[in-house]
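Novice: Starting off with a structure, shown below.
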Amino acid sequence: MLVIRLLALSLAIFPRTASGFSFTINNTPQQCSNLDISITGSGQPPYRAVILPYGPTPLPNNVEVRQVLDVPFIGDSTSVSLKLTYPENSQFVVVVSGIISSYL
């Protein structure tokens, strides 16, 4: 019981803050064109974007040429532009990661 009270007291004394971020794809994805991604919010670099193919390949005979793309943002940058090498009509998922601050 004492441990629970001490934990509750420490949470009341020390302020808790958290920060996060979101990202935006700034243009319409097109085959062999640049895909522009930007970060907003209060996350902290370094950021990176991972693009994962999703769904069936759009190519005949189930030929799969799409690969996972792992693209680091440079330095403290909050934007990145990468060449999208997926065939036309491909589906994909974009995951952006960075450091999210949390203080107890």
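The values are calculated or read from the model by the stated rules, or taken from the named source; none is laboratory data. These figures come from a predicted structure and were not determined experimentally. Note that each Cβ is placed from the backbone with ideal geometry, even for glycine, and that neighbours are counted across all protein chains shown. Side chains are part of the model used for accessible areas, which takes the heavy atoms of the whole protein and leaves out ligands, DNA and RNA. Shrake-Rupley method; radii C 1.70, N 1.55, O 1.52, S 1.80 Å.
Novice: Scan region 59-77 for residues that are touching a Leu at 6+ places or on another chain (Cβ under 6 Å) and closer than 13 Å to residue 34 by Cβ and jot them down.
Specialist: Answer for region 59-77, where residues must be touching a Leu at 6+ places or on another chain (Cβ under 6 Å) and closer than 13 Å to residue 34 by Cβ: just 71.
Novice: Need pairs with beta-carbon distance below 7 Å; first residue farther than 26 Å from residue 46 by Cα and within region 62-74, second open to solvent by 80 Å² or more (accessible area, probe 1.4 Å); sequence gap 6+ or separate chains.
Specialist: Filtered contacts from region 62-74: no entries.
Novice: Something else about it: Look at residue 80 and say whether it is at pLDDT 95 or above and in contact with a Leu (Cβ under 8 Å, 6 or more places away or on another chain).
Specialist: For residue 80, the condition - at pLDDT 95 or above and in contact with a Leu (Cβ under 8 Å, 6 or more places away or on another chain) - is not met.
Novice: Considering only region 83-104, state which residues are small (Gly, Ala, Ser) and either at pLDDT 95 or above or open to solvent by less than 70 Å² (accessible area, probe 1.4 Å) (or both).
Specialist: Result: 90, 97, 98, 101.
Novice: Identify the residue in region 37-54 that is open to solvent by 30 Å² or more (accessible area, probe 1.4 Å) and within 13 Å of the chain's Cα centre (by Cα) and, among all such residues, is farthest from residue 68 (Cα to Cα). Give the derivation first.
Specialist: Here is the first cut: in region 37-54, the residues open to solvent by 30 Å² or more (accessible area, probe 1.4 Å) are 40-42, 44-46, 48, 50, 52-54.
Narrowing the set further to residues that are within 13 Å of the chain's Cα centre (by Cα) leaves 40-41, 44-46, 48, 50, 52.
Values: 40: 24, 41: 26, 44: 24, 45: 21, 46: 19, 48: 13, 50: 7, 52: 5 Å.
For region 37-54, the residue satisfying everything is 41.
Novice: Let me ask you something else. Which condition breaks for residue 64 when tested against (1) modelled with pLDDT of 95 or more; (2) in contact with a strand residue (DSSP E or B) (Cβ under 6 Å, 6 or more places away or on another chain); (3) not hydrophobic (A, V, I, L, M, F, W, C)?
Specialist: Unmet for residue 64, out of (1) modelled with pLDDT of 95 or more; (2) in contact with a strand residue (DSSP E or B) (Cβ under 6 Å, 6 or more places away or on another chain); (3) not hydrophobic (A, V, I, L, M, F, W, C): (2).
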